[in-house]
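My structure is below; once you've seen it, I'll send some questions.
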Amino acid sequence: MLEIPSLRRETRYGVPAADLLLFNRHYVLGYSYYFRQAKWALEIVDPNKSTIGRADNFRPDYRIADMFRADLVDYVGSGYDRGHLIASANQIETEIQNSETFLLSNMSPQKPTLNRIIWKKLEEAVRELDAKKDILETYVICGPIFYFDVEVKMIGAEDDNGVSLPIPHAFFKSILTEDNRGTLNMWSFVIPNDGSNLPLEEFLVPTTKVEKLSGIFLWERLVGTKIKHEKELVRKMW
């Protein structure tokens, strides 16, 4: 296997396994053929404060074989949002950079009450964290979680016009920051694919729990490294 961390800044602290690795200009994505969506998406949050507008050009990712690829029709009338994994507002340096976040490979079926409220709140908290003067870089990896002892519902139709997309039961997001002293801080969250009015810290979990639930290793190059991840550090995100 290629030594991916030597090729991409985003993968400095590790790259999880996946059926297909998709390299975009400013983020890397691991795709699952079985689930017809990403297992994970990894980025460095763009600190650029440009005025690039939101592209909103949702489209299929033709790098994926059609039998495993989601299309726009799969979401029509489903009641689920095309939920970004890599947030559009995190990648705003250039128009093409923002446009790539609208590839359907970067989407998972999310309930509107998740996508437009608490997931959005977490995305905003990450950008606020990254904007702090002492933060040099902010790495974020996120993806869907499926509980195999719970019924998995589907959207779309497995026919000539689309594929069946499993609806995740929850989503994870793990944030790793490096400050100007070289200190690493980590926060990991699991949020049900539903609405919630609870504060974000209620969804904070050990990173090892995310790994068990998602079936992937996160930040594997940091094994043995001392990292701060106590719950009280969540206060630093605001």
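How high is the FRET efficiency between residue 94 and residue 19 when r is their beta carbon distance and R₀ equals 35 Å, given to the nearest 0.05? Mind dumping the intermediate values first?
On the way: r = 29 Å, r/R0 = 0.82.
Once the sixth-power term is evaluated, E becomes 0.75.
For a quick check: sort 154, 186, 107 by the number of other beta carbons within 10 angstrom, fewest at the front. Please list the in-between numbers first.
Values: 154 15, 186 21, 107 26.
By the 10 Å Cβ count, ascending, the order reads 154, 186, 107.
Show me, for segment 88-105, the HN-Hα J-couplings you get by feeding each phi into the Karplus relation (A = 6.51, B = -1.76, C = 1.60, θ = phi - 60°), rounded to Hz, glycine and proline as x.
So the J values, rounded to whole Hz, are 4, 6, 7, 10, 10, 6, 9, 5, 5, 4, 5, 4, 5, 6, 9, 5, 5, 5.
Here's another thing I want to ask about it. Among 76, 205, 140, determine the one that fluctuates most according to a GNM of the chain built with springs between C-alpha atoms less than 10 Å apart.
Maximum among the listed residues: 76.
Taking the Cα centre as origin and putting +1 on Lys and Arg beta-carbons and -1 on Asp and Glu beta-carbons, what dipole magnitude results for segment 1-121, to the nearest 20 debye?
On the way: 16 positive and 14 negative charges, 73 e Å.
Here segment 1-121 has a charge dipole of around 360 debye.
Just in segment 33-71: which trypsin sites (Lys or Arg not before Pro) are loop by DSSP and have at most 15 other Cβ atoms within 10 Å?
Values: sites: 36, 39, 49, 54, 63, 69; in loops: 36, 49, 54, 63, 69.
Loop-located and lightly packed - 49, 54, 63.
With each label point set 7 Å from Cα along the Cα-Cβ vector, what nm distance links residue 147 and residue 73?
3.4
When the chain is treated as a GNM, springs tying every alpha-carbon pair under 10 Å, which of 97, 110, 37 comes out with the largest mean-square fluctuation?
Result for the chain, Cα springs under 10 Å: 97 fluctuates most.
I would also like to ask the following. Name the residues whose placed amide hydrogens come within less than 5 Å of the amide hydrogen of residue 17, ignoring near sequence neighbours (fewer than 5 apart) on the same chain.
Amide H neighbours of residue 17: 217.
Something else: Can you run phi through the Karplus equation (6.51, -1.76, 1.60; θ = phi - 60°) for segment 56-67 and list ³J(HN,Hα) in whole Hz, with x for Gly and Pro?
Taking θ as phi minus 60°, the curve returns 6, 9, 4, 7, x, 9, 6, 6, 9, 4, 4, 5 Hz for segment 56-67.
For residue 164 and residue 223, calculate 0.36 nm times their separation in residues minus their Cα-Cα distance, and state this gained length in nm to one decimal. It would help to have the intermediate numbers written out before the result.
Numbers: separation 59, 0.36 × 59 = 21.24 nm, distance 3.70 nm.
Length difference between fully extended and current span is 17.5 nm.
Only counting other Cβ atoms within 10 Å, I'd like 130, 194 sorted with the fewest neighbours first.
194, 130
Could you give me the radius of gyration and the Dmax of the chain, taking only the C-alpha atoms into account and expressing both in angstrom?
17.0, 55
Hey, what angle do you get for helix 119-130 against the long axis of the chain, alpha-carbon based, 0 to 90 degrees rounded to 10?
Helix 119-130 and the main axis of the chain meet at about 30 degrees.
Suppose each label sits 7 Å from its Cα in the direction of the beta carbon; what would the residue 201-residue 121 distance come out to in nanometres?
Once both label points are built, they end up 1.3 nm from each other.
Using Cα springs under 10 Å in a Gaussian network model of the chain, which residue among 164, 78, 214 shows the largest mean-square fluctuation?
Of 164, 78, 214, the most mobile in the Gaussian network model is 78.
No value in this document is a laboratory result; all are computed from the given coordinates. Given the structure is predicted, the values throughout are model-derived calculations rather than measurements. Glycine also receives a Cβ, built like all others from the backbone with ideal geometry; neighbour counts cover every protein chain displayed.
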